[in-house]
Structures are given as C-alpha cells and as structure tokens.
Amino acid sequence: MIFRQLFDQVSGTYSYLLASRRGGEALIIDPVLEKVERYLQLVQELDLKLVKAIDTHLHADHITGLGALRDKTHCITVMGEQTKADVVSMRLADGDKLTIEGLSLDVIYTPGHTDDSYSFVMPDRVFTGDTLLIRGTGRTDFQNGDPRMQFESLFGRLLKLPETTLVYPAHDYKGDTVSTIGEEKAYNPRLQVKSMEEYVELMNNLKLANPKMMDVVVPANLKVGLHQEEIARRGWTVTPAQARTLTGFSDVTLVDLREPAERVRHGSIPGALHVPYTALQENLAAGGLLHELAQSSGKRLMFYCAFGERSAMAVQAAQDAGLSKACHIEGGIDAWKKANGRLITA
Ligand SMILES: [Fe+2]
C-alpha cells in the first residue's frame, strides 16, 4: 500500500494520500486548499490517479481542497450525508464502504465535534478526523457539536477498535503524527472520565477562542460544489421533468454513474445502464462501450448520478470525446426522487 501523511503548518492539518499500488487509483482524506499543487505533484510522482477526495467533516480552520482537486482532476468529492456543504458528488452513511481499486475503508459516523463527522477504518488503522486527536479530542462548542454524542462516538465506537489500531487524526499542534487506540485509552487526558456527565462537564468548560479564520472558512467550505452554469448554458442539462419525458423515447440511453452500493440504497431509474464514474473514461474512449453505443446507434446519452456533479463532469467528458448529444439530469437521483420519478431497487 502507498500511504503518505501530509502536513499543513498553517492550520496544523494532516491530510492522507492512499493507494493500493503504483499506477493505481488513489484517495485523499482532508486535503487543504493551499496544498493542492503539492498533492497533485506527489500524485504524479507516484504515478497515481486521484479518484476520490474526502473530508471527514466540514472544517472551520482551513479551506478544503475538495473543490480545487475536483476541478483539476475530475475526482469524486465525498462527505457524510449530514454535511451542509452544497454539492459533494457522493455522500456516505454509517456502515458504508469508501472504496477505490484495491482498498476498502469502513465508514463510521462519529458525530460530536460536528454533526457531520466521520471516521474511516482499515484493518490496522483509523482516520479519526477531529473526533479523536492524539492526547485530545475535537472541541464540541460549535457547528452543532455535542459532547454527549462525542462521548458515544469515542467510547461506543472508536475505543472499541483493537488496541493496536493506529490512530491518524486530522490535526496535531504538538508534532505528534500517530498514536494507537490502546495508547489513547491509557494516556489521553480527555478519556480518563468515569461517566458521560463528567466528559460533558470537561468539554463545556474548555473556554476556547474560535479558530482565527472561522468566519471566512466555514462559508467557503459550504460552497464546494461544481459550477454548472456553463454546462446548462450549452444545453447539456435536463430537468428531472424533462428527463421523465425523454426516457420514453427509444433514442435515449440512460447511464447511471453511481457505485453499486449507492444504487442499492437509493434505487435506480428503470432501464439505465450502469457505468461507474471511475470507469467512464475507458467507456467514452474510441472502442469503449458508450462511445460505440452513441456512435453506432446515434443514441443520446443521458447521464445521472447522486446529486448531478459526477454527471456534469461526465457530460463534459462525453462532449470532449465527440458525443455531442450527451446530457445529464440536473440534481441527480436526489432531484429525480423529489420530482416523483419512478425508481427500481437493484
Ligand atoms: Fe474540525
């Protein structure tokens, strides 16, 4: 496995680049905007293809690199389903798996620092965001933080992992880079409490100043979505209502870009082909399934995904591949459902 822990000195943030092999797919956890060029250089040097950028939660101390990485690499942006960030390509829930080629991380919902905090578990390590820090825990006094929920996330979930599990947090301000669950149980001062009430008392009396950049950073992190005006202006966007009409015509091929687990959980539009977004490029290239289908039959490709972000990028890619009739459903399956579009469960 390729594993890199990257540091932003200004915000004390750790970001993590993971891949199963050289030449393979990669993901990055908690990227920082100012470091995006550095990540991209490293991705190139290690011969990786960045396919997913994930934030463990909505950050208040730095601007996320999710939007910039998506714009530069067309990767999928990922956050938890509770996030208030405007558009992320994929939203995860407790029990899901975060996957790339050769790697699978278990997704656990660990609210408390914020109400959209998640941790990601591998057999030997856990990425804890700001839920569990080295010899500390994330503050719970803003962004719908809740010390009771954090107590549950810590004692009910994270501390139940094997004691040898390596702990990789989203921040450290002292220079520590990694710990273990056993070490934190024994030596983390915040975890030496006898009850939830004692923990709540401790957390409610920290009297911390707000992060310096919070008033700028939080609004910026709420607006990470892809700008889709240009795609709409070119006539490559259809509303769910238009899509319902178009699906009745035989010259339209619906293409579902989501992953199998998303299709199972949210259902699919009847008759759609399944081409996961990460396999899109090979399908659109000359000789690929979608390319041949559109070229030989003259069919119009109509892409959709979860919220319309992957499909907007797919339209652009299809147009770049010469498939000029391609379009996408604005707002994805989420908007389709709200417009009472028909669904089948896979
Ligand atoms: Fe945080």
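The values are calculated or read from the model by the stated rules, or taken from the named source; none is laboratory data. All figures in this text were calculated on a predicted structure; none of them were measured in a lab. FYI the Cβ positions are ideal-geometry reconstructions off the backbone, even for glycines, and counts take in every protein chain you see. Just the protein is used for accessible areas: all its heavy atoms, side chains included, with ligands, DNA and RNA removed. Shrake-Rupley method; radii C 1.70, N 1.55, O 1.52, S 1.80 Å.
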- [ ] Inspect the range 51-66 for any residue being farther than 23 Å from MET213 by Cα and surrounded by 17 or more Cβ atoms within 10 Å (Cβ to Cβ) and give the result as yes or no.
- [x] yes
Open item on the list: I'd like to check something: does the range 302-320 contain any residue that is open to solvent by 40 Å² or more (accessible area, probe 1.4 Å) and without any contact (Cβ under 8 Å) to a residue 40 or more places away in the chain?
Closed with: yes
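Output the residue which, of all residues in the range 156-171 that are part of a helix (DSSP H, G or I) and touching a residue at least 12 places away in the same chain (Cβ under 8 Å), is farthest from the ligand (Cβ to nearest atom).
For the range 156-171, the residue satisfying everything is LEU159.
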- [ ] Would you mind telling me which numbered condition in (1) surrounded by fewer than 15 Cβ atoms within 10 Å (Cβ to Cβ); (2) more than 24 Å from PHE3 (Cβ to Cβ) MET214 fails?
- [x] (1)
- [ ] With the condition kept exactly as written, say whether any residue in the range 106-120 is hydrophobic (A, V, I, L, M, F, W, C), open to solvent by 10 Å² or more (accessible area, probe 1.4 Å), within 15 Å of the ligand (Cβ to nearest atom) and more than 22 Å from LEU6 (Cα to Cα).
- [x] no
Task: All positions within the range 129-150 that are of a type outside the set (Asp, Glu), modelled with pLDDT of 95 or more, in a loop (DSSP other than H, G, I, E, B) and more than 10 Å from the ligand (Cβ to nearest atom) - done: ILE134, ARG135, THR140
Open item on the list: Considering only the range 3-12, I want to know if a residue exists there that is buried (at least 20 other Cβ atoms within 10 Å of the Cβ) and among the β-branched types (Val, Ile, Thr).
Closed with: no
- [ ] Kindly state which strands (runs of 3 or more DSSP E) lie completely within the range 37-94 and contain at least 2 residues that are more than 25 Å from MET1 (Cβ to Cβ).
- [x] none
- [ ] Pull up the range 255-288, narrow it to residues that are aliphatic (A, V, I, L, M) and part of a loop (DSSP other than H, G, I, E, B), then point me to the one that is farthest from SER89 (Cα to Cα).
- [x] ALA286
